[in-house]
Amino acid sequence: MQRSFWFMALFICILIGGFIYIGSIVTKLSGEKGEMVATETGVSPEGGETIFWGKGQCHTCHSIGKKGSGIRGPNLGGVGDRAIERAAERTTAGAAMDATGYLVESLAQPSAYVVKGFKPEMPLVYKPPIALSPDEVKAVVSYLQSQDGEVNIEAIVLPEEVMASAASGGGGAVEEWKPYQGGDVAVGEALFFDLKGDIACAKCHTIKGVGAKVGPDLTTVAATRSPQYIIESILEPSAVIASGFEPVKVKTKKGKIITGILKEDNEVHVLVMDSAGNVTDIPKDKVKKLKTLKTSVMPPFGNVIKMEDFHNLLAYLLTLK
């Protein structure tokens, strides 16, 4: 009887230990995929990676080497090493800094230095709607350091405006902006994907893989852009044209005119996509002139959209986070 008791006790201990072990594994996996990984004592490249591809929404504009499909901002593969050169450029221009300082500036003050070929359109990640906390910003910087550079978390010093604005967990106490008139989300979604309708956004934009890739992917647009920015993009799309979607006019040596979005321009050819998603491949030696246009291929819907449709569409877009 005593022997059976000890066997049973041993079995229970093993069973409990197994549950604890499995629970720890599940907790670890959940934490790796969660939004809040960086804490005051846990800032790390691993945490920064999770934020980069998650809450920070960095991947909507940037890629890391061959990972990701963001094209609105520079590819950040190897940026940890490349930051040394960029810091030298900034120092020559009068803003003395080292590689880490450059990486911090690229997140805290992205318009201070814009890589050639891109535009000053990156949002302030420590303010809404992204609203990263100071530790989350540091974690992302450490992740960028790890891209062929030296990770030095102690060297990451954030500007006062970042610390002040994000002191309460990201963005501070900011009242949520709301349109003066509400809208029907379901109706707005139907308007977006109705290819036979007057709006037919899906003819050019993609949401969760559905739609065309003429314009920017809008799957998480409300997570990175303010409502005011989204409104302007609908009513006056030419006000800010996203990097990677610049409209161009190409004139060939035979006098043919081709307009659309520039998808590629190199020593071999020029690729131009029209509003229907068709791509024209023009041999580089056949190009006489290539001009960037200031008018977006997207029409200004402020002239055609009904007020009710506008608010319904806006209500739907504001759910895309």
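Only the coordinates and a few stated rules stand behind these numbers; no lab work does. Everything numeric here is computed off the predicted structure, so don't read it as measured data. Methodologically, a virtual Cβ is constructed for each residue, glycine included, from the backbone with ideal geometry; neighbour enumeration extends over all protein chains shown.
Tell me which residues come under 5 Å, amide H to amide H, from Gly77 once H is placed; ignore anything under 5 positions away on its chain.
Long-range HN contacts for Gly77: Gly65.
Just to be sure I understand the curve: with the Debye formula and one point per C-alpha of the range 247-292, what is log10 I(q)/I(0) at q = 0.13, 0.14, 0.22, 0.33 Å⁻¹?
Each listed q maps to, in turn, -0.22, -0.25, -0.64, -1.35.
If you put +1 on each Lys and Arg Cβ and -1 on each Asp and Glu Cβ, how big is the dipole of the range 45-165 around its Cα centre, in Debye rounded to 20?
580 debye
Per the Kirkwood treatment, what hydrodynamic radius in Å, one decimal, follows for the range 45-165 from the mean inverse distance over all distinct Cα pairs?
14.2 Å
Output the peptides 131-140, 228-237 sorted from most to least packed, where packing is the average of other Cβ atoms within 10 Å over each peptide's residues.
Peptide ranking by packing, descending: 131-140, 228-237.
Which order, highest average first, do 95-103, 253-261, 80-88 follow once you tally other Cβ atoms within 10 Å for each residue and take the mean per peptide?
Final packing ranking: 95-103, 80-88, 253-261.
So, in the range 45-165, how many Lys pairs have Cα atoms under 21 Å apart, if the pair is 8 or more places apart or on different chains?
7
Can you sort Cys204, Cys58 by how many other beta carbons sit within 10 Å, fewest first?
Cys204, Cys58
Identify all lysines with a Cα-Cα distance to Lys251 below 23 Å; exclude those on the same chain that are fewer than 8 residues away in sequence.
Lys263, Lys284, Lys286, Lys288, Lys289, Lys291, Lys294
Using the Kirkwood radius built from alpha carbon pairs, what does the Stokes-Einstein equation give as D for the range 208-321 at 25 °C and 0.890 mPa s, in µm² per second?
157 µm²/s
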